[in-house]
Amino acid sequence: MTLWLIVEERVPTRERARGVWASLYRLGGLMGPAALLASAAFAAYLVGAMVMVRVATVNVQEARKTARLRTIQMMFRPRVSKLAFDDLIHFLQVQGRVPVPQQGEIWDPEREQGERGLVNLVARDVLGETRQLRIKLLIANYDLFNEYDRAVGEAEFRKNVSYALVGLAAALSWLYSPWWALLLAVPLRLYIAGVGSERIANDVIIQAVVAGLLEPATLTGAAGLPAVPAERGA
């Protein structure tokens, strides 16, 4: 629809069409409206498949960016809920990768910030393995995989539709009236819903790791961060 709004004035009418345009008009007459609509829908599907943003791809890119940073003070956290994040902290404490707070110990905000930053790195590295972990999750627990796959599908659909609607709103605002920019409220709301679904999908992966259903390379030593000494004085 956005593409049509942009090129519609440049498309000649049937009476003035020459060359390729005339051939397309004749083809449309032979195919009929239903077949023409189906062909246009399939073409739109092909374009969407080429430019689609996938949730797993975004996670991998974020993990790579994080790996290049030599500091554990992150500007933003991975998209997981607070409950899943706290469960991951406890899981890493049990494994000895994050120190356990000692009773009566003086609270050190810088140390706590550093430890939470380490958990951020672990979470990002785990989510960066989503393409491999989803196959392992399918083998380990089919029902849990369905929950993850449903959340990923909802996230990808909502986020990609929001991107398309941003383009539509921009085209309408540019061609007709700036008031069409108010339409941006719709893709914004869709994008927020997509982020929520992405967080649910990430929670499934994190909780599967915490429950012992998945063993990412980040935590097995094949890749990722070394364990943090359990004693704070180490």
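Values quoted throughout were computed directly from the atomic coordinates according to the rules given, and no laboratory measurement underlies them. Remember, predicted model here, so these are calculated numbers, not experimental data.
From the P(r) of segment 139-192, can you give the percent of Cα pairs sitting at distances over 16 Å? All intermediate terms of the calculation are to be shown ahead of the outcome.
Working: 753 of 1431 pairs.
Pairs farther apart than 16 Å: 53 percent.
Once amide H atoms are placed 1.01 Å from N in the peptide plane, what residues at a sequence separation of 5 or more from Ser81, or on another chain, have their amide H within under 5 Å of its amide H?
Those qualifying (amide H under 5 Å, at least 5 residues apart or on another chain) are Asp203.
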